[in-house]
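Can you keep this structure in mind? I'll have questions shortly.
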Amino acid sequence: MNAQQLVDERGELWLALTPLWLEREPRESDYAVMVETIERYALTLNELEWIFRLELAPVMTRHQLSIASEWRQFDNRRLMQQLVGHNLRLKGWRRKSWALFSGLATMMVRHRWQDLMNRLVVAREQQD
């Protein structure tokens, strides 16, 4: 997979989920955009969990832990470059090590992720 394919296949989803890592709690409108975007991808909860843990958290956690990081909003262009770069390298031992340590990388936003997953389940139940 090349960089353009990653952007085409995941870019919108990745950017929709970045408010989980901002300084402030996501707004209702943020959660609504996240749920709406996720639904367009028709992913299972398990698939979403691994996207959260392996594709997003390693990059986003670096922003949380950086003193000079962006906290109020992200530079989407720069962030997309970082996400694509990370995901192009996410093979073999890197993938295994991130899978092993992803619990630590997601710990600071796990409560927000759970809130999002609860909202997604409710939205899916309302569609049925």
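The values are calculated or read from the model by the stated rules, or taken from the named source; none is laboratory data. Since we're looking at a predicted model, the values are computed, not measured. Glycine gets a Cβ as well: all are built from the backbone with ideal geometry, and neighbour counts include every protein chain shown.
Give all pairs with beta carbons closer than 7 Å in which a residue from the range 92-106 that is under 9 Å from Arg53 (Cα atoms) meets a residue that is at pLDDT 85 or above and aromatic (Phe, Trp, Tyr); count only pairs at least 6 apart in sequence or on separate chains.
So the pair list comes out as Thr106/Phe52; Thr106/Trp113.
Take Arg10 and tell me if it is without any contact (Cβ under 8 Å) to a residue 24 or more places away in the chain and not small (Gly, Ala, Ser).
Here the answer is no, as Arg10 does not meet what is asked.
What residue, among those in the range 66-92 that are part of a helix (DSSP H, G or I) and at pLDDT below 90, is surrounded by the most Cβ atoms within 10 Å (Cβ to Cβ)?
Step one: list which residues in the range 66-92 are part of a helix (DSSP H, G or I), which gives 76-89, 92.
So of that shortlist, the ones also at pLDDT below 90 come out as 76, 92.
Values: Asn76: 13, Gly92: 8.
Once the filter is applied, the top-ranked residue is Asn76.
Here's the yes/no breakdown for (1) assigned to a loop (DSSP other than H, G, I, E, B); (2) touching a helix residue (DSSP H, G or I) at 6+ places or on another chain (Cβ under 6 Å):
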residue: Gln4; (1), (2): no, no
residue: Leu20; (1), (2): no, yes
residue: Glu23; (1), (2): yes, no
residue: Pro58; (1), (2): no, yes
residue: Arg94; (1), (2): no, no
residue: Ser97; (1), (2): no, no
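Look through the range 25-56, keep the residues that are hydrophobic (A, V, I, L, M, F, W, C) and not in a helix (DSSP H, G or I), and return whichever of them is modelled with the highest pLDDT.
If we take residues in the range 25-56 being hydrophobic (A, V, I, L, M, F, W, C) and not in a helix (DSSP H, G or I), then Leu43 is modelled with the highest pLDDT.
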